[in-house]
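First up is the structure itself, then whatever we jot down about it.
The values are calculated or read from the model by the stated rules, or taken from the named source; none is laboratory data. No experiment lies behind these values; they were computed from the predicted model shown. Don't worry about glycine lacking a Cβ; one is built from the backbone with ideal geometry, like all the others, and counts go over all protein chains shown. Note: areas computed on protein heavy atoms with side chains; ligands, DNA, RNA excluded. Shrake-Rupley method; radii C 1.70, N 1.55, O 1.52, S 1.80 Å.
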Amino acid sequence: AKPLSTCGRIAQERLAKLKARAQRELQKAASSAALEEQLMKKQQTIQEMKAELDKRIGRDVTAKLADVPMPDEEETKALSSIVNDAIVRLYPNPNERSLIRLFKTMDFDGSHRISFNELEIMVRGPTRDQGLNISRKVLSDARMRSLWKLMDRDASGFIDHGELMRFLKIGWVEEMT
């Protein structure tokens with residue numbers, strides 16, 4: 001093999017330098033892409049955690065029902081009467097009617113607050129342990145959302161004991177205690 005000319009050696013050195021630079025750039029790009037992917041995964045995890053937190057603190061329900069109008073006075077009385085009548089049917093004996101007992105019955109998870117799902121189960125449930133058995137014909141899904149909006153006055157995403165009491169007193173049945 002012939003020895004390389006000076007130009008050939010210079011060209012070979014330049015080529016080696018270009019290859020090295022190209023490899024460094026590829027490594028940088030790969031590293032940058034890996035960091036970008038890692039960042040995207042972290043952002044996705046954060047979004048999932050926020051959604052879970054919103055669900056746990058009721059913010060998801062409040063957001064979903066933000067556009068539901070507050071019922072007028074007539075509808076408010078009608079909704080309260082529907083629920084009160086169902087309570088009387090569930091507990092025909094006035095001595096058995098207790099708002100504290102009702103609240104505890106509705107609070108399936110023992111959190112001392114009622115979620116939208118717990119309210120829906122209680123309102124729609126067919127048995128004494130599961131609910132008031134109010135049909136969709138009497139209380140449509142739209143009216144159920146209005147009922148929630150009416151009961152969750154502070155838009156916390158949950159109903160506390162006081163909110164339930166205030167709502168039930170609107171259509172109060174005298175024997176309630």
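For the chain, the number of Lys pairs separated by eight or more positions or lying on different chains, with C-alpha atoms closer than 22 Å, is 20.
Among the protein heavy atoms, those of Asp72 account for about 90 Å² of accessible surface (1.4 Å probe, every chain in place).
Please state, rounded to one decimal and in Å, the Kirkwood hydrodynamic radius that region 109-164 gives when every pair of distinct Cα atoms enters the mean of 1/r.
Kirkwood hydrodynamic radius for region 109-164: 11.6 Å.
Here the contact order of region 1-153, divided by its residue count and restricted to Cα pairs under 8 Å and six or more residues apart, works out to 20 percent. From helices alone, the chain scores -21500 deg cm²/dmol at 222 nm; the rule is -39500 (n - 2.57) for each run of n ≥ 4 DSSP H residues, then divide by the residue total.
The charge dipole of the chain, taken about its Cα centre with unit charges on the Cβ atoms of Lys, Arg (+1), Asp and Glu (-1) only, comes to about 1740 debye. Of the residues Asn117, Ile57, Ile82, the one whose Cα sits farthest toward the positive end of the charge dipole of the chain, with +1 on the Cβ of Lys and Arg and -1 on the Cβ of Asp and Glu, is Ile57. Using every pair of distinct Cα positions in region 66-170, the Kirkwood expression returns a hydrodynamic radius of 13.7 angstrom. Calculated from the alpha-carbon coordinates, the chain shows an Rg and a Dmax of 32.2, 113 Å respectively.
Write down the accessible area per residue of region 1-117 in Å², having rolled a 1.4 Å probe over the full set of protein chains. Please report the intermediate quantities before stating the final value.
Details: 9080 Å² over 117 residues.
For region 1-117, the solvent-accessible area averages 78 Å² per residue.
Using equal-weight Cα scatterers in the Debye expression, the normalised intensity of region 41-81 in log10 at q = 0.20, 0.28, 0.31 Å⁻¹ is -0.70, -0.88, -0.92.
The average projected area of region 50-117, computed from the convex hull of its Cα atoms over all directions, is 5.9 nm².
You can think of it this way: the chain between Val88 and Lys41 has 11.6 nm of extra reach, that is 0.36 nm per residue less the Cα-Cα gap.
To the nearest 10, the accessible area of Arg24 is 130 Å² with a 1.4 Å probe.
Going highest first, how would you order 31-43, 75-87 by mean Cβ packing within 10 Å?
Working: 31-43: 10.0, 75-87: 17.8.
Ranked by mean Cβ neighbours within 10 Å, highest first: 75-87, 31-43.
Between the listed residues Trp148, Gln38, Met70, the Cα displaced farthest toward the positive end of the dipole of the chain, a dipole computed from Cβ unit charges relative to the Cα centre, is found at Gln38.
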